[in-house]
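Step one of this worksheet: look at the structure below.
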Amino acid sequence: MVTAKARAVDGPDKPFRVAEIKRRDLDLHDVLIEIKYAGICHSDIHTAHGEWGPVNYPLVPGHEIAGIVTDVGTEVSKYKVGDRVGVGCMVDSCGECENCRKGEEQYCLKGNIQTYGGVDKYGEPTQGGYSTHIVVQENFVLKIPDNIELDKAAPLLCAGITTYSPLNHWGAASGKKVAVVGMGGLGHMAVQIAHAMGAEVTVLSQTLKKKEDGLQLGADHYYATSEPQTFEKLAGCFDLIINTVSAKINLNAYLGLLNLDGTLVNVGAPAEPLSLNVFNLIGHRRSFAGSMIGGIRETQEMLNFCAQHGIVPKIEVISAEQIDEAYERVLASDVKYRFVIDTNTI
Ligand SMILES: [Zn+2]
Ligand SMILES: [Zn+2]
């Protein structure tokens, strides 16, 4: 058993505090990771605040984890001590259902085991990356390519795969017009990945405040959604729209931007239902879809793709003392573009 230092919350309105958590003894296929960096994802905030259903407090969030292997179980074959590795949003799944067998563990029919806020197969609550160590079975550990620094690798494990997977699945490529709604942690990854896949990329952001960044990251066009003429000008324009915004948007206005057979994919998860006029779908055989992170194989593919194309998130490294402040800044959209905790400071 390893005692890890961590930062935990005790309730929806509580600040983070220092905590000690136990990480289980290594099972045959387990890997012990010394966490170096943990990204702060908007989901951490929703969960910590109890907005996505009941939470088993105390909670240690964090599912954008990068670190070094410090010990391995006796049957581990994929990793050795010293390897640079990552862990994303899930740490286990049944491994046997139809979806797991396809490598889509995120859609495990028995429910994947989330990195924090879940219950593992030993019946223990899972605790996430705002900590110094974690034990994860090797099939849910990712290899971080050598040319990606660990602090910048962390956000790829959620923000990276969450945008890579739908871009990949719906065929973002040369000759395709892709729009990215929202220029935040997810959006700024989607822009880079879609651009590297060869698509013509348009950012649809509330204002033009981050236009320079968007263009620099690979966007070809950048429009403000607060200007009504944007929706007239771009009507019927896109093959694929990735909506990264977790606030409520005017879905019907965005569907109007799709061309024949175009797809609008939600990766942001608004707490309230969205209203949809079906005429906006049937008129041009459009689709409205959702997508959740990606499977383990695809996550590794994403990391390799980012390494090959020099894609990394823009990050601000913070100390553990700054987590509460960082949460407030994320909620105020005051982050460029991802906070990453230096876990040395925990
Ligand atoms: Zn996340
Ligand atoms: Zn399964």
Across region 231-267, the tally of residues that are open to solvent by less than 10 Å² (accessible area, probe 1.4 Å) and under 22 Å from residue 333 (Cα atoms) stands at 5
List the number of the failed condition for residue 78; all other conditions in (1) under 18 Å from residue 299 (Cα atoms); (2) open to solvent by 30 Å² or more (accessible area, probe 1.4 Å); (3) within 13 Å of ligand 2 (Cβ to nearest atom) hold. (3)
Residue that is farthest from ligand 2 (Cβ to nearest atom), among those in region 27-42 that are in contact with a strand residue (DSSP E or B) (Cβ under 6 Å, 6 or more places away or on another chain) and of a type in the set (A, V, I, L, M, F, W, C): 40
If you take the residues in region 189-226 that are open to solvent by 10 Å² or more (accessible area, probe 1.4 Å) and of a type in the set (Val, Ile, Thr), which one is nearest to residue 239 (Cα to Cα)? 225
Out of (1) touching a Gly at 6+ places or on another chain (Cβ under 7 Å); (2) within 16 Å of residue 154 (Cα to Cα), the odd one out for residue 316 is which? (1)
Mind checking which residues of region 84-101 are of a type outside the set (A, V, I, L, M, F, W, C) and away from ligand 1 (no atom under 16 Å from the Cβ)? 84, 92, 93, 95, 96, 98, 99, 101
Output the qualifying pairs, or none if there are none: Cβ atoms under 8 angstrom, residues six or more apart or on different chains, first residue in region 92-113 and within 17 Å of residue 30 (Cβ to Cβ) and part of a loop (DSSP other than H, G, I, E, B), second residue modelled with pLDDT under 95 and within 7 Å of ligand 2 (Cβ to nearest atom). none
Please state which one of 265, 245, 278 is closer than 30 Å to residue 147 by Cβ and either β-branched (Val, Ile, Thr) or touching a Lys or Arg at 6+ places or on another chain (Cβ under 7 Å) (or both). 265
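The values are calculated or read from the model by the stated rules, or taken from the named source; none is laboratory data. These figures come from a predicted structure and were not determined experimentally. Backbone-built Cβ (ideal geometry, glycine too); neighbour counts: all protein chains shown. For accessibility, only protein heavy atoms count, side chains too; no ligands or nucleic acids. Shrake-Rupley method; radii C 1.70, N 1.55, O 1.52, S 1.80 Å.
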